[in-house]
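Asker: Sharing a structure here in structure tokens format.
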Amino acid sequence: MKGAVRGGSIVTRASTKGKTVGGKAAPSNATTLASVEYLKSLPGVTAPFEDVFDPAGLAKTASIQDVRRWRESELTHGRVAMLAALGFIVGEQLADFPLFFNFDGRVSGPAIFHFQQIGQGFWEPLLIAIGVAESYRVAVGWATPTGAAFNTLKDDYEPGDLGFDPLGLKPTEPEALKEMQTKELNNGRLAMIAIAAFVAQELVENTEIFEHLFLRFEKAAILELDVLEADLGLPVTPLPDALKAI
């Protein structure tokens, strides 16, 4: 198999041949082995999973092009999730701040309902901004969707590298770059879990993130106080009704 070194990893040409998990026949054993080894060489392999974390064995039936496309998707969703998790917290805290652009006071309560409260005049610029950003990402990273190149990344494109580094933070040393990429992936993975938890919590309890957190702290403090009061023979502090369901 012929190969080329790209971003510190070996990309095997055989990976682009044959059929993959995207509704096509399974790749050859050689291609599968190359995909697994390629995945192991990518950033994101970290403790406590020193080897590739793939409990479903998806990499065993994938080509390198599949792995590259999945990594691009993971990076994109991780970055969006980091912005979303930050936006949930910041938006809820600034909703009542007088200098915050609050659409005439319409925005309040849990962040999961903020978009519905904003109304017309916000969605149109947002959709245009998203469209421009996605069009740029597609133009930089994705191959022309014709023939065998359909739904694949360009061969010379490093997943996630859109050339956007206004502060010049990207390291030039390969090891330092890989470490920074691993940190980004780990934070993106955590953010995806966090934003899913934020949404589920606000749907179930209809309370803001910090409000929910402080209510938990308050309940824990009262319960600890009750234990101390019982030990000292003092009247037990009753738990407020609002905290009983938490």
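Asker: Packing-wise, with mean Cβ within 10 Å as the measure, how do 201-213, 70-82 rank, highest first?
Answerer: The peptides rank, most packed first, as 70-82, 201-213.
Asker: Can you list residues from other chains, or at least 5 along the same chain, whose modelled amide H is less than 5 Å from the amide H of L153?
Answerer: So L153 has HN proximity to A143.
Asker: Considering Cα pairs under 8 angstrom that are at least six residues apart, work out the relative contact order of segment 98-233 and quote it in whole percent.
Answerer: 23 percent
Asker: Okay, next question. Ranked highest first by average number of other Cβ atoms within 10 Å, how do 131-140, 151-160, 33-42 line up?
Answerer: 33-42, 151-160, 131-140
Asker: Kindly list the residues of segment 192-207 that lie in the label zone of K219, defined by a backbone N under 18 Å from the point 7 Å along the Cα-to-C-beta vector.
Answerer: 197-207
Asker: Per 0.36 nm of contour for each residue apart, how much would the distance between Q93 and A56 grow if the chain were fully extended, relative to their Cα-Cα spacing?
Answerer: Net length gain for the segment: 9.4 nm.
Asker: Compute the distance from the alpha-carbon center of segment 69-95 to that of segment 169-225, in whole Å.
Answerer: That distance is 11 Å.
Where a number appears in this text, it was derived from the coordinates with a stated rule and is not lab data. Everything quoted here is computed from the prediction, not taken from an experiment. Counting neighbours? That spans all protein chains shown, and the Cβs are built from the backbone with ideal geometry, glycine included.
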